[in-house]
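S.K.: To start, I am sharing the structure in question, which I have written as structure tokens.
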Amino acid sequence: MPSPIRPRRSLPVPLILGLALLCGCAPAVSRAAPVAPAPYPAEAAPAVGIGADTLGVLPRGVVAFPVIRRLIETARRRVDVEIYEFGRADIAADLVDAHRRGVAVTVITDPTVPASEATAEHLRAAGVAVAAYPVRREMIDHVKLLVVDGGAAAVVGGINWGVTSGPNHDFDALVRGPAAANLERVFLRDLVSCGLQAGVPSATVDPAVVVATTLPDTGIRPLALELVDGAQATLDLELFVLTDAGVVHALARAHRRGVRVRLLLDPDQRPSDASADLLRAAGVSVRLYRGSGEKLHAKAAVADGRRVLFGSANWTAGGFSRNHELDIGFDSAPAAATLLAAMRADWESSRG
């Protein structure tokens, strides 16, 4: 009688895997490829039309300085500069060269900044007209502005012209159109504040790009609060320092109504600590920038991927009320894209 056929007994799965590992024939384990961090923008953004203006964002001084130098080198009639920190010898040499070829060069500096004073003395010795802004206790002339040929083009933002300013994460913009004319108007008004004679034209009507100043105006803080309070879906902010209580509470309110808020701060600005703690307690995503020795020097905010405010003003009592500051605001998704790309790269590199 034939023997009954008995079913084979399967080896336990752990034993099969163990044998497979011993013989080197284990199946490959699928692992997700690590996601590369978003790259920080490395060049000037293409100019974007916003109403009657064109505007191109310049991320960092290493991108902005060649644009600034080219504008000075190609200016035909006038070069007007108002700058808080001015220590770059190359730009100073460009201004002297422009003066020597017959261009009217005028510079306004903050006399409390040693590097700016040294550059101012060098420029004066070369025949360049330099005026000292009338600063007083607990205020500075924090403006960063270049205008060429009476408003044909302007560069404005938060980037100082310091020896070490190039790698700092910050933004300027190259502007042409009515906004550039309004920026020239700011410069001429500041010349008058310096005690010099200048004809100050009426502001050009420009609903596309808002030019906002402090001292004598108070226009920047209302724009900041309007941007935060009006955000519907997202708020991305890079701020060198944040201490204004009204803005802090507005950011917390935005989070409570469902806006995704991301706030990145410079890690060395300890006055921001209380604001960061309050916002984290309210559930807002707050990170400290992790760089390679450079500063997060930006004062920039983007709401809903398109509404933008940035410039020289820190979001503090001094920045909003005591100092002389200059910001621009606009509504343009294409123009905001470069700021958002930089912010995303900085946010991702600052995890943990």
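The values are calculated or read from the model by the stated rules, or taken from the named source; none is laboratory data. The model shown is predicted, which means the values in this text are computed figures rather than measured ones. Note that we place each Cβ from the backbone using ideal geometry, even for glycine, and neighbour counts take in every protein chain shown. We work out accessible area using only protein heavy atoms, side chains counted, and drop any ligands, DNA or RNA first. Shrake-Rupley method; radii C 1.70, N 1.55, O 1.52, S 1.80 Å.
S.K.: Among (1) open to solvent by 30 Å² or more (accessible area, probe 1.4 Å); (2) of a type in the set (Ser, Thr, Tyr); (3) touching a Gly at 6+ places or on another chain (Cβ under 8 Å), which single condition is THR213 missing?
M.R.: The failed condition is (1).
S.K.: Which one of ALA126, ALA118, ALA93 is among the small types (Gly, Ala, Ser), modelled with pLDDT of 95 or more, closer than 21 Å to VAL163 by Cβ and open to solvent by 60 Å² or more (accessible area, probe 1.4 Å)? Write out each step before concluding.
M.R.: Values: ALA126 fails: open to solvent by 60 Å² or more (accessible area, probe 1.4 Å); ALA93 fails: open to solvent by 60 Å² or more (accessible area, probe 1.4 Å).
Matching residue, one of ALA126, ALA118, ALA93: ALA118.
S.K.: Condition check: open to solvent by 30 Å² or more (accessible area, probe 1.4 Å), under 29 Å from LYS295 (Cβ atoms) and within 24 Å of the chain's Cα centre (by Cα). Does LEU145 satisfy that?
M.R.: So LEU145 does not fit the description; no.
S.K.: Residues that are under 24 Å from ALA335 (Cβ atoms): which helices (runs of 4 or more DSSP H) entirely in the range 54-146 hold 2 or more of them?
M.R.: By residue number, 61-74.
Every residue, every condition in (1) over 19 Å from the mean Cα position of the chain (by Cα); (2) in a strand (DSSP E or B); (3) not hydroxyl-bearing (Ser, Thr, Tyr), yes or no:
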position	(1), (2), (3)
ALA250	yes, no, yes
GLY258	yes, no, yes
ASP268	no, no, yes
ALA274	yes, no, yes
ASP346	no, no, yes
SER350	no, no, no
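S.K.: Residue pairs, Cβ under 8 Å, 6 or more apart or interchain, first in the range 238-264 and under 20 Å from TYR289 (Cα atoms) and open to solvent by 20 Å² or more (accessible area, probe 1.4 Å), second outside any helix (DSSP H, G or I) and aromatic (Phe, Trp, Tyr). List them.
M.R.: From the range 238-264, the pairs are THR243/TRP315.
S.K.: Let me ask another. Just for the range 279-295: of the residues that are in a strand (DSSP E or B) and touching a helix residue (DSSP H, G or I) at 6+ places or on another chain (Cβ under 7 Å), which one is most open to solvent (accessible area, probe 1.4 Å)?
M.R.: Filtering the range 279-295 for residues that are in a strand (DSSP E or B) and touching a helix residue (DSSP H, G or I) at 6+ places or on another chain (Cβ under 7 Å), the one most open to solvent (accessible area, probe 1.4 Å) comes out as ARG287.
S.K.: Only residues that are out of contact with any Phe, Trp or Tyr (no Cβ under 7 Å at 6 or more places or on another chain) and buried (at least 24 other Cβ atoms within 10 Å of the Cβ): list them for the range 148-158, please.
M.R.: Result: VAL148, GLY151, ALA154, VAL155, VAL156.
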